[in-house]
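Values quoted throughout were computed directly from the atomic coordinates according to the rules given, and no laboratory measurement underlies them. Keep in mind that what you see is a predicted model, and the values were worked out from it rather than measured. Don't worry about glycine lacking a Cβ; one is built from the backbone with ideal geometry, like all the others, and counts go over all protein chains shown.
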Amino acid sequence: MLDSMHEECGVFGVYSAETRDVANTVYYGLYALQHRGQESCGIAVAYANKVEYYKGMGLIPDVFSGGALASLPEGDIAVGHVRYSTTGASLLVNAQPIVFTGKCGKMALAHNGNLTNTDELRADLIADNAVFQTTIDSEAMAMLINKYSDGDIVRGVLRACECFKGSYALVVMTADKLIAVRDPYGIRPLCVGELMDDVVVASESCALDAVGANFLRDVEPGEVLVVDSSGMHSYHMECKKKCKSAACIFEWVYFSRPDSILDGGSVYQTRMLAGKILAENYPVDADIVSGVPDSALVAARGYSQASGIPYVEALEKNRYVGRTFIQPDQKMRENSVNVKMNPLRANIQGKRLVLIDDSIVRGTTSKRIVRMLKNAGAKEVHVRICSPVIKHPCHLGIDMQSYSQLIGANKTEKEICEYLGADSLKYLTVEQLVESCKDAKIGFCLGCFNGEYPYSLEGYKPSKFKFE
């Protein structure tokens, strides 16, 4: 139900061995990543030492309707982006990919993540007479890469990454190269696949599946993967040597699609195991189990399997309303709840219900859902959460940047239960959540639970609109 958590964006890129309709491949790849961002999107295509692009506000099928996709030329390389704003307002000027002409010619960049030292980077660039056209951190990244390139884009990327502080999964395109970059902690996911003779890069493996590509591997933390006419080449950031991997664990809990595999860990199996662990450790005498659509449905089935309590659908989701957390402000989130879900009265009337959800951030949506279920006749509603209490903000790519937003930072578990109007409330512990992700071959960032972040955040003052 993540009533106030959403992540940044999704990125996709393709390098083709021959000139073809690469924009079409990116279109379908982004379609598979639409859950990662619904505010704006864009595609850029490289051809004949030129870059053409199209960007717009809204969903992929809406932005690229009416001939917009067909207007993009055939080319050798293309990159695309779906956005949820974490730095910078939800405006067309802030839509990605960022496209500009630099020392290496035309260049495009798409970014998933959030930098915590953008103030410093922008100040240094402005001192060098840089003029910013947007208010997003991605433009500062593109400018810094260009600054350090001196005709060698790979050198520019490697040098710039030593200056970046925060989370980033990047796809960078020049006239003859596709470059995939993952921050030294691996906070945001990025993987690479092959489509016949083409190379494809995406935020999640489900996007590779969507275009018929075969998964090759995950881009490693701190890796700069370069694809050009001579093949695929791997470089590693110098700063990687002192970094321990710390992938955002909410990629498995909520953000990613269940059919994705991230760093060796199946999102589906992780959520199924989380539900089973909840049932084993926090049982309740109930008649039915249900999950909040969509991200908690798998965990609810896991809870049902482990407990023997029948799984029943309690909420019908309106498929034409976006994820509640993705709405960019609280008023929009609250207004979307009632049109987003409706209780299935025949399934829940007179029943004691175990309601599974992935997390509670603000608690406003959770409260409305509990009330909705009880008004529809549920005798009891017992809430079980597939993650620990969120007590600390995130500054690494989740739009959850202050303690005042977090009900878990301001109320006890008992007080949260009372606020929700639930009959009981239990969360997974940090150890139990990590156990549910045991198949992933990477360490985790658990900062929103325990306040321990991979980067020092001393002096960082978050503000989504600081550069407006």
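Neighbour counts of C-beta atoms inside 10 Å place 179, 126, 416 in the sequence 126, 416, 179, starting with the fewest.
With the highest mean first, a sort of the peptides 452-458, 104-110 on other beta-carbon atoms found within 10 angstrom per residue produces 104-110, 452-458.
Across the stretch 263-276, computed HN-Hα scalar couplings (Karplus, 6.51 cos²θ - 1.76 cosθ + 1.60, θ = phi - 60°) run 6, x, x, 5, 5, 4, 5, 4, 5, 4, 5, 4, x, 5 Hz from first to last residue, x flagging Gly and Pro. Were the residues from residue 130 through residue 195 laid out at 0.36 nm apart, the gain over their Cα-Cα distance would be 19.5 nm. Close amide H pairs (under 5 Å, H built 1.01 Å from N) link residue 262 with 267, residues at least 5 positions away or on another chain. Rounded, prolate or oblate: which fits the stretch 354-468, taking a ≥ b ≥ c as square roots of the Cα gyration tensor eigenvalues, rounded meaning a/c under 1.5, else prolate when a/b beats b/c? Because a/c hits 1.5 or more and a/b fails to exceed b/c, the stretch 354-468 counts as oblate. The alpha carbon centroids of the stretch 379-438 and the stretch 136-157 are separated by 39 Å. The distance separating the Cα centre of the stretch 248-284 from that of the stretch 346-371 comes to 19 Å. Spin-label model, residue 65 to residue 235: label points 7 Å out along the Cα-to-beta-carbon direction sit 4.3 nm apart.
Amide H to amide H, with H built 1.01 Å from N, residue 224 comes under 5 Å of 235, 236, 237, counting only residues 5 or more places away or on other chains. Listed values for the stretch 158-173 are Karplus-derived 3J(HN,Hα) couplings in whole Hz (6.51 cos²θ - 1.76 cosθ + 1.60, θ = phi - 60°), namely 4, 5, 5, 4, 5, 9, 6, 10, x, 10, 7, 10, 10, 10, 10, 10, and x replaces Gly and Pro. In this structure, the amide hydrogen of residue 9, modeled 1.01 Å from its nitrogen in the peptide plane, lies closer than 5 angstrom to those of 84, 113, counting only residues at least 5 positions away or on a different chain. When the pairs 276/438; 351/374; 147/177; 374/414; 103/165; 244/276 are compared against a 21 Å limit on Cα-Cα distance, 103/165; 244/276 fall above it.
Anisotropy class assigned to the stretch 9-243 is rounded, per the alpha carbon gyration tensor with a/c under the 1.5 cut-off.
Ordered by the count of other Cβ atoms within 10 Å of each Cβ, fewest first, 164, 12 give 164, 12.
If you count the DSSP beta bridges with both ends in the stretch 261-442, what percent of them are antiparallel, to the nearest 5? Antiparallel: roughly 30 percent of the beta bridges in the stretch 261-442. From its DSSP helices (H runs of at least four residues, each -39,500 (n - 2.57)), the chain gives a residue-normalised ellipticity at 222 nm of -7500 deg cm²/dmol. Please label the shape of the chain as rounded, prolate or oblate, based on the square roots a ≥ b ≥ c of the eigenvalues of the alpha-carbon gyration tensor (a/c under 1.5 means rounded; beyond that, a/b larger than b/c means prolate, else oblate). Prolate. For the stretch 113-123, 3J(HN,Hα) computed residue by residue from phi via the Karplus equation (6.51, -1.76, 1.60; θ = phi - 60°) reads x, 7, 8, 9, 10, 4, 3, 5, 5, 5, 4 Hz, glycine and proline entered as x.
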